[in-house]
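Worksheet: the structure to be examined is printed underneath.
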Amino acid sequence: MPAPRENMSYRDIKQVVLDRIQNKIWAPDSLLPSETELAVEFSSTRTTVNRALRELAEEGYLERKRKAGTRVLNSPVRKAQFSIPLVRDEIAETGAAYRYSLVERRIMPAPAWLSARLDIPQKQEVLHLRCMHYAGNAPFQYEVRWVVTDSIPEILEADFTQSGPNDWLVQKVPFTNLELSFMATKADQTVSDFLDTALGDPLFTAERITWLRTKPVTLAKLFFAPGYKMTTHL
């Protein structure tokens with residue numbers, strides 16, 4: 001194993017620490033040296049060491065507790081990394097041309113089920129959007145979305161006739177919390193019409209709720225045309 005170099009980047013430090021874990025130099029359940037000690041060894045700063053250890057903790061190799069230090073996990077738990085995708089990028093990766101259509105936009109009182117899911121007052125005003133996304137001329141995704149306008153009132157000025165709300169939200173409102181659910185649903189008449197599938201066909205469906213700190217921002221339900229596949233990486 002190569003010796004640590006001077007002035008190492010956080011990526012270099014991360015790799016050295018990972019090598020030591022995988023080669024059992026730091027055994028499972030063992031306590032790592034302090035950040036100060038590692039910073040001296042790597043001729044780096046505590047901030048750089050902290051970033052390397054934090055990423056390894058996020059990836060499931062280390063357990064970090066305040067005042068108790070950093071410990072190697074007995075059984076590393078790899079975590080799937082997920083970011084909110086832009087549907088236009090997903091379609092572009094297939095080699096097809098992306099096309100978008102706004103089906104409906106209206107302000108309405110929040111239905112009871114939405115008030116319960118987002119913990120907002122009953123009949124609070126929300127922006128309701130329905131959109132279609134196409135890969136070339138083929139239906140790709142039918143999007144149904146509710147946005148809590150009290151959380152982001154500037155969305156009322158946004159124009160979604162040319163591009164979808166997800167594009168706007170990703171650029172304007174970085175979420176701080178995310179709840180993501182995947183499920184199989186049966187196409188009702190509306191969904192089957194938009195996705196050009198038979199009534200009752202099973203469809204890959206995603207439900208996504210985002211928050212900005214303590215404020216609920218949006219709940220989106222995304223129905224994908226038959227044949228859709230989602231891939232994540234460990």
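Restricting to the range 211-225, name every residue that is assigned to a strand (DSSP E or B) and open to solvent by 20 Å² or more (accessible area, probe 1.4 Å).
Trp211, Leu212, Lys215, Lys221, Phe223
Enumerate the pairs (first residue in the range 185-213 and more than 18 Å from Val87 (Cα to Cα) and touching a residue at least 24 places away in the same chain (Cβ under 8 Å); second residue anywhere and open to solvent by less than 10 Å² (accessible area, probe 1.4 Å) and not hydrophobic (A, V, I, L, M, F, W, C)) with beta-carbon separation below 8 Å, excluding pairs fewer than 6 apart on the same chain, so at least 6 apart or on different chains.
From residues that are more than 18 Å from Val87 (Cα to Cα) and touching a residue at least 24 places away in the same chain (Cβ under 8 Å), the pairs are Thr185/Thr205; Asp201/Ser192.
Can you tell me how many residues in the range 190-206 are surrounded by 14 or more Cβ atoms within 10 Å (Cβ to Cβ) and assigned to a strand (DSSP E or B)?
Final tally of qualifying residues: 4.
Looking at (1) modelled with pLDDT of 90 or more; (2) surrounded by 14 or more Cβ atoms within 10 Å (Cβ to Cβ), which is the one condition that is false for Pro76?
(1)
For the range 199-213, how many residues are in contact with a Pro (Cβ under 9 Å, 6 or more places away or on another chain) and closer than 20 Å to Ala138 by Cβ?
Just the residues of the range 199-213 that are in contact with a Pro (Cβ under 9 Å, 6 or more places away or on another chain), to begin with: 201-204, 209-210, 212.
Within this subset, residues satisfying the condition of being closer than 20 Å to Ala138 by Cβ are 201-204.
Qualifying residue count, the range 199-213: 4.
I'd like the full set of residues that are part of a loop (DSSP other than H, G, I, E, B) and buried (at least 16 other Cβ atoms within 10 Å of the Cβ), limited to the range 14-53.
Matches in the range 14-53: Trp26, Leu32, Phe42, Ser44.
This table checks each residue for (1) within 29 Å of Pro174 (Cβ to Cβ); (2) out of contact with any helix residue (DSSP H, G or I) (no Cβ under 9 Å at 6 or more places or on another chain).
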site: Asp19; (1), (2): no, yes
site: Gln22; (1), (2): no, yes
site: Ser43; (1), (2): no, yes
site: Ala52; (1), (2): yes, no
site: Glu58; (1), (2): yes, yes
site: Tyr61; (1), (2): yes, no
site: Ala68; (1), (2): no, yes
site: Ser75; (1), (2): no, yes
site: Ser101; (1), (2): yes, yes
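Of the residues Trp113, Trp146, which is aromatic (Phe, Trp, Tyr) and loosely packed, with under 11 Cβ neighbours inside 10 Å?
The conditions single out Trp113.
Test Phe175 against the criterion of being under 20 Å from the mean Cα position of the chain (by Cα), surrounded by 12 or more Cβ atoms within 10 Å (Cβ to Cβ) and within 15 Å of Val144 (Cα to Cα), and give yes or no. Spell out how you get there, then give the answer.
Values: under 20 Å from the mean Cα position of the chain (by Cα): yes; surrounded by 12 or more Cβ atoms within 10 Å (Cβ to Cβ): yes; within 15 Å of Val144 (Cα to Cα): no.
So Phe175 fails the test.
Among (1) more than 15 Å from Glu104 (Cα to Cα); (2) touching a Phe, Trp or Tyr at 6+ places or on another chain (Cβ under 9 Å); (3) among the hydroxyl-bearing types (Ser, Thr, Tyr), which single condition is Tyr142 missing?
(1)
Can you name the number of the only condition in (1) over 29 Å from Leu203 (Cα atoms); (2) surrounded by fewer than 17 Cβ atoms within 10 Å (Cβ to Cβ); (3) of a type in the set (Gly, Ala, Ser) that Ala96 fails?
So Ala96 meets the others, but not (1).
The values are calculated or read from the model by the stated rules, or taken from the named source; none is laboratory data. All of these numbers come straight from a predicted model, not from anything done at the bench. Here Cβ is always computed from backbone atoms with ideal geometry, including for glycine, and neighbour counts include all displayed protein chains. Only protein heavy atoms, including side chains, enter the accessible area calculation; ligands, DNA and RNA are left aside. Shrake-Rupley method; radii C 1.70, N 1.55, O 1.52, S 1.80 Å.
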